[in-house]
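The values are calculated or read from the model by the stated rules, or taken from the named source; none is laboratory data. Computed from a prediction, not measured in an experiment: that's the story for all the values here. Here the Cβ is made from the backbone with ideal geometry for all residues, glycine too, and neighbour counts use every protein chain on show. Quick note on the areas: whole protein, heavy atoms, side chains included, nothing else; ligands and nucleic acids left out. Shrake-Rupley method; radii C 1.70, N 1.55, O 1.52, S 1.80 Å.
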Amino acid sequence: MKCVDDFRLKLGGKEYVPIMIGGMGVDISTSELALEAARLGGIGHISDAMVPDVSDRKFDTTFVKDKTKTYKFNINNMDKSVVKFDLERLAEATRLHVGSTMQAKQGNGLIFVNCMEKLTMNAPRETLQTRMSAALDAGIDGITMSAGLHLGSFALIADHPRFRDAFLGIIVSSVRALQLFLRKVSKLNRLPDYIIVEGPLAGGHLGFGMEDWKDYDLHTIMDEIHAFMKAEQLDIPLIAAGGIFTGSDAVSFLEKGAGGVQVATRFTVTHECGLPADVKQEYFKASEEDIIVNGVSPTGYPMRMLKNTPAIGSGIRPGCESYGYLLDATGNCSYINSYNREVLANPDAKQVVVMDKTCLCTHMRNFNCWTCGHYTYKLKDTTHKRADGTYQVLSAEHVFKDYQFSVNNEIALPEREEAAA
């Protein structure tokens, strides 16, 4: 019986362990987590979501404080169109985060950065171009383009000297999305180096409709895209993602021709993951009924999260002056609309409740939006429960190697921690 280690992902003439750790935003997929994947011969992702805030925490910069001070005058204004990012400082924050990660890289693996198109930041083209270009400047091995169709994203960096040197990939959830993307980039004579095919059981934002995500299956989508790629004579590695919980799950895709798998859920409860310790315990404790898909994200995409996530129903004031990552090209965000509606409807309330949308920027920054994969409820079965009722946190190396070497849908438990004296 085969295990993941019997396969290799081929990129740029080299071979890698076919395990990619997905990009979980706002420093949940930390540099430390990505570095472990690279050290072990696979591929790790860092995220560029809210990178100025990540930089402030890691390097004691003051990007968020300075932006807040600049736009303090506008905090009580419903119109956020004046709130802009300083592109030079955005580039500086990206270079700090990416550059420090790449300088620390060891091993034969790769580190990619996940760039969400839905981080529109009140200047969609300019901010995305700045983020991607700065990441390339800082030496990132590759860029994964996520949360959007990215029809114009390749063109934004076509003039960069590393446009054909770095690995560039796209996340899709259907043949149709892939066809649209390939048609657009064909004009640049630059195909993606890899394609991540994300199914409906993934964590966070989903590339499916709110009502129909249950109608789709990753194996079926992969089969359809495999057939399309063969018909078009395209030799680009496909990476299966979403709901791959064991090494045997991964092998089921690798045996059918996938170049690799992208996994994330099991790494949320590792020491290297950026989630706070108490939130990791919430993930361990979750039951299947605790995991829901809702429409509270201002992006318009359905989102999978724990139903007790503090972000749901929170009516905090929009933090656009400090953050504002989801402001569209006109300075609008659907949470602002929902918040203002509730304020106008409840003029005497000290705190309003907003159920239909959430201030994703502030809550993700504070680790109060507990996005998760469908199989999060199985995490408790991957470790030991302590006498006090909490669960033992894992190492990224343990989880990575379990994926790499396990068979028969087995999950290797870690060595028990020694009891405190």
Fill in the blank from the handout: Of the conditions (1) in a helix (DSSP H, G or I); (2) at pLDDT below 95, the single one that I225 does not satisfy is (2)
Fill in the blank from the handout: A careful count of residues in region 135-165 that are of a type outside the set (A, V, I, L, M, F, W, C) and within 17 Å of R95 (Cα to Cα) gives 8
Practice task
Answer yes if at least one residue in region 106-121 is of a type in the set (D, E, K, R), at pLDDT 95 or above and more than 23 Å from A158 (Cβ to Cβ), and no otherwise.
Solution key: no
Exercise for the section: Among what's in region 103-124 and is open to solvent by less than 30 Å² (accessible area, probe 1.4 Å) and of a type in the set (S, T, N, Q), pick the residue that is nearest to A49 (Cα to Cα). Expected result: N114
Practice task
Return the residue satisfying two criteria in turn: it lies in region 129-139 and is open to solvent by 10 Å² or more (accessible area, probe 1.4 Å) and part of a helix (DSSP H, G or I), and of such residues it is farthest from L326 (Cα to Cα).
Solution key: D137
Practice task
Please determine, by comparing only the residues of region 315-374 that are in a helix (DSSP H, G or I), open to solvent by 40 Å² or more (accessible area, probe 1.4 Å) and without any contact (Cβ under 8 Å) to a residue 24 or more places away in the chain, which one is nearest to V83 (Cα to Cα).
Solution key: N337
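For L168, state whether it is crowded, with 21+ Cβ neighbours inside 10 Å, within 26 Å of K230 (Cα to Cα) and of a type outside the set (S, T, N, Q).
yes
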Exercise for the section: Would you kindly identify the strands (runs of 3 or more DSSP E) lying entirely within region 1-91 that contain at least 1 residues that are surrounded by fewer than 16 Cβ atoms within 10 Å (Cβ to Cβ)? Expected result: 9-11, 14-16
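Those residues that are of a type in the set (S, T, Y) and either in a loop (DSSP other than H, G, I, E, B) or closer than 30 Å to N337 by Cα (or both), I need them from region 274-308; list them, please.
First pass over region 274-308, keeping only residues of a type in the set (S, T, Y): 283, 287, 297, 299, 301.
S287, S297, T299, Y301, listed by residue number.
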Exercise for the section: Please verify whether region 404-416 includes one or more residues that are at pLDDT 95 or above and outside any loop (DSSP other than H, G, I, E, B). Expected result: yes
Fill in the blank from the handout: Taking region 207-221 and keeping only residues that are of a type in the set (S, T, Y) and touching a residue at least 12 places away in the same chain (Cβ under 8 Å), one is left with Y216
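Conditions tested, residue by residue: (1) more than 19 Å from G243 (Cα to Cα); (2) modelled with pLDDT of 95 or more; (3) buried (at least 22 other Cβ atoms within 10 Å of the Cβ).
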{"site": "A264", "(1), (2), (3)": "no, yes, yes"}
{"site": "E272", "(1), (2), (3)": "yes, yes, yes"}
{"site": "V279", "(1), (2), (3)": "yes, yes, no"}
{"site": "I291", "(1), (2), (3)": "no, yes, no"}
Practice task
Output the residue which, of all residues in region 375-392 that are closer than 17 Å to I291 by Cβ and open to solvent by 30 Å² or more (accessible area, probe 1.4 Å), is farthest from the chain's Cα centre (by Cα).
Solution key: D381
Handout entry: Considering residues of region 235-262 that are of a type in the set (V, I, T) and not in a loop (DSSP other than H, G, I, E, B) only, the residue surrounded by the most Cβ atoms within 10 Å (Cβ to Cβ)
Key = V261
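So that you can scan it fast, the table gives a plain yes or no per residue for (1) touching a His at 6+ places or on another chain (Cβ under 8 Å); (2) within 25 Å of Y301 (Cα to Cα); (3) free of Cβ contacts under 8 Å to residues at least 12 places away in the same chain; (4) surrounded by fewer than 16 Cβ atoms within 10 Å (Cβ to Cβ):
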position: G152; (1), (2), (3), (4): no, yes, no, yes
position: R164; (1), (2), (3), (4): no, no, no, yes
position: S173; (1), (2), (3), (4): no, yes, no, no
position: R183; (1), (2), (3), (4): no, yes, yes, yes
position: A202; (1), (2), (3), (4): yes, yes, no, no
position: H205; (1), (2), (3), (4): no, yes, no, no
position: D223; (1), (2), (3), (4): no, yes, no, yes
position: F228; (1), (2), (3), (4): no, no, no, yes
position: Q233; (1), (2), (3), (4): no, no, yes, yes
